[in-house]
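Shown next, in structure tokens, is the structure this report addresses.
Just so it is clear, none of the values below were taken in a lab; they were calculated from the coordinates. Just so it is clear, the model here is predicted, and its values are computed rather than measured. Here the Cβ is made from the backbone with ideal geometry for all residues, glycine too, and neighbour counts use every protein chain on show.
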Amino acid sequence: MSDTIETYIAEELEPHHYGIALLIQRMYGETYARRHNGRKEEWIEYCDGTWRTRPGIYHDLKNKLSSEVRPLIRKVLSTLRDACHQTQDYYTLGSDKLERLSRIIEMLSDTNVKDTILKECQSVMFVTIEENDDESEESDE
């Protein structure tokens with residue numbers, strides 16, 4: 001992940017479902033999206049120059065919350081804690097930042113919270129794609 005994402009986590013990420021959904025959009029928005037396909041909405045993935053559906057996208061994103069997003073937030077939290085210890089200036093660096101990131105890490109350990117975050121992602125990551133811009137396969141929810 002880029003330093004820009006880490007800066008966003010440290011400075012702007014809020015401990016609520018919508019805030020985490022915005023982070024997911026920043027991290028994965030070029031690879032995953034949500035679209036309306038006729039009578040239903042579905043997750044799609046950008047692969048080999050085209051948007052397409054495939055089974056398991058929802059579960060892939062849910063797993064990324066635990067395997068990539070949570071560890072990245074932990075890394076940022078650790079960096080902030082180290083900075084606090086080195087300067088011994090807990091309040092200048094923002095104890096609220098440390099508490100906020102700790103709360104988000106705790107949230108991401110709850111399966112129900114992850115499901116709610118992905119529900120928020122459905123609207124945050126919604127795109128309009130022309131029919132000829134994708135290759136449909138089997139979709140998932």
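For Asn37, the residues whose amide H sits under 5 Å from its own are Glu42, ignoring neighbours fewer than 5 places away on the same chain, with H placed 1.01 Å from N. With R₀ set to 41 Å, the beta-carbon distance separating Arg81 from Tyr46 gives a calculated FRET efficiency near 0.70.
Using 0.36 nm per residue and subtracting the Cα-Cα separation, the extra length available between Arg103 and His36 on full extension is 20.8 nm. Region 97-114 and region 1-58 have their alpha-carbon centroids 18 Å apart.
If you add up the charges near Ser78, with Lys and Arg at +1 and Asp and Glu at -1, over every other residue whose beta carbon is less than 13 angstrom from its beta carbon, what do you get? Cβ neighbours under 13 Å give a net charge of +3.
Taking a ≥ b ≥ c as the square roots of the eigenvalues of the alpha carbon gyration tensor, region 3-127 is prolate, as a/c is not under 1.5 and a/b beats b/c.
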